[in-house]
Amino acid sequence: MPDRVDITVITKNSLRYHAGLEHLLNAFESLKEFTPTHWGLDERAPNPYNRNELIAAVSSLKSNVYLPGIHRRQAPRYQAYFSARNEDLNYVSVEFGASLKQKDLPKVFALGDALAKQLEAEFGNVHLVWLEASQEYCASGEITAEELQKYGLTPVCARTWFGSDIVNMIGRERLSHSGAIIQDTPWGGIQLDLAPHPWESNVETLSRNQLSVMKHLEPSGVFGDYTKFLEYKPGANWKPILHQTSPLKV
């Protein structure tokens, strides 16, 4: 079992409009085992979960500084937060810890799929983390919307989503010949898996396959250099994603 599982989804869509929040919460509520129990206007999420209260409070915010929290404090537990903006890219981050069981892992990927589909992910991943793995592997799934825009992509994880803008930058042919398992997404992007059933994989398989796939993808020049903390460097060919943020349709 991994020590931790992280989900990250970066989207062009607003997470302060009512419709965007509806899509976000639809994803969290799509699996009854992962229904939130608490929420709040910061990562502490002190309030009992109430969908209507969350939507009303977040959609009335006047500032972009908030990172509202969504938690589940019953097993399987998670902590999640999201950027609530009407402009620029938004992101959602979910972390599952020690309460996760092997039988839960396929459903964690299903939650990631639901978030990616509901928010039409421009970039995102499900990252299985083993603490005994290399720091480079462990950190490969960590990224914010701001970092993406400034520096480019992080290495692919167990499952990764690319929107159409990023697919065009990398090149569909390059992705197809990377050795990874890829399939088209309903919103015009690509889902990339490092193994046929990534939730069944171990750290050796995923880290080995990550290195192999990245040998094919890195020459695209759109992956940032995140190896030195606070000394990140942009990919040579990376271009920030145009972000005419708009509300999703309910």
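The values are calculated or read from the model by the stated rules, or taken from the named source; none is laboratory data. Predicted, not measured: the structure shown is a model, and the values here were computed from it. Cβ coordinates were reconstructed from backbone atoms using ideal geometry, including for glycine residues, and neighbour counts include every protein chain displayed. Heavy atoms of the whole protein, side chains included, go into the accessibility calculation; ligands, DNA and RNA do not. Shrake-Rupley method; radii C 1.70, N 1.55, O 1.52, S 1.80 Å.
The label-point distance for Arg172 and Asp184, in a model that sets each label 7 Å from Cα toward Cβ, rounds to 0.7 nm.
With each label modelled as a point 7 angstrom along the Cα→C-beta vector, the Thr227-Ala98 pair spans 3.4 nm. The trypsin sites (Lys or Arg not before Pro) of the stretch 145-245 that DSSP puts in a loop, and whose beta carbon has at most 12 other beta carbons within 10 Å, are Lys228. Karplus-based coupling profile of the stretch 176-182, in residue order and whole Hz: 5, 9, 7, x, 7, 8, 10, with θ = phi - 60° in 6.51 cos²θ - 1.76 cosθ + 1.60 and x standing for Gly or Pro. Taking one quarter of the surface of the C-alpha convex hull of the stretch 1-123 gives a mean projected area of 6.8 nm².
For the stretch 1-142: lysine pairs with Cα atoms under 26 Å, gap of 8 or more or different chains, count? Lysine pairs satisfying the spacing and distance rule in the stretch 1-142 number 10. Taking only Cα atoms and a 10 Å spring cutoff, compute GNM fluctuations for the chain and point out the largest among Val213, Val126, Val92. The residue with the greatest mean-square fluctuation here is Val213. Converting the Cα gyration tensor eigenvalues of the stretch 164-248 into ellipsoid dimensions via √(5λ) gives semi-axes, longest first, of 23, 19, 14 Å.
Over the residues of the chain, the helix contribution to mean residue ellipticity at 222 nm works out to -8500 deg cm²/dmol, using -39500 (n - 2.57) for each DSSP H run of at least 4.
Here the spin labels are modelled as points 7 Å beyond Cα on the Cα-Cβ line, and at Lys239 and Val65 they lie 3.5 nm apart. Computed in the context of the full set of protein chains, the accessible area of the stretch 1-133 at 1.4 Å probe radius has 48% of its extent on carbon or sulfur. Averaged over its residues, the stretch 41-103 has an accessible area of 52 Å² per residue, based on protein heavy atoms and a 1.4 Å probe.
Spatial offset of the stretch 197-230 relative to the stretch 82-108 amounts to 20 Å, using the alpha carbon center of each. Taking a ≥ b ≥ c as the square roots of the eigenvalues of the Cα gyration tensor of the chain, is the shape rounded (a/c under 1.5), prolate (a/b larger than b/c) or oblate? Taking the square roots of the gyration eigenvalues as a ≥ b ≥ c, the chain is oblate. Ligands, DNA and RNA left out, the accessible area of the stretch 148-216 computed with a 1.4 Å probe is 48% carbon and sulfur.
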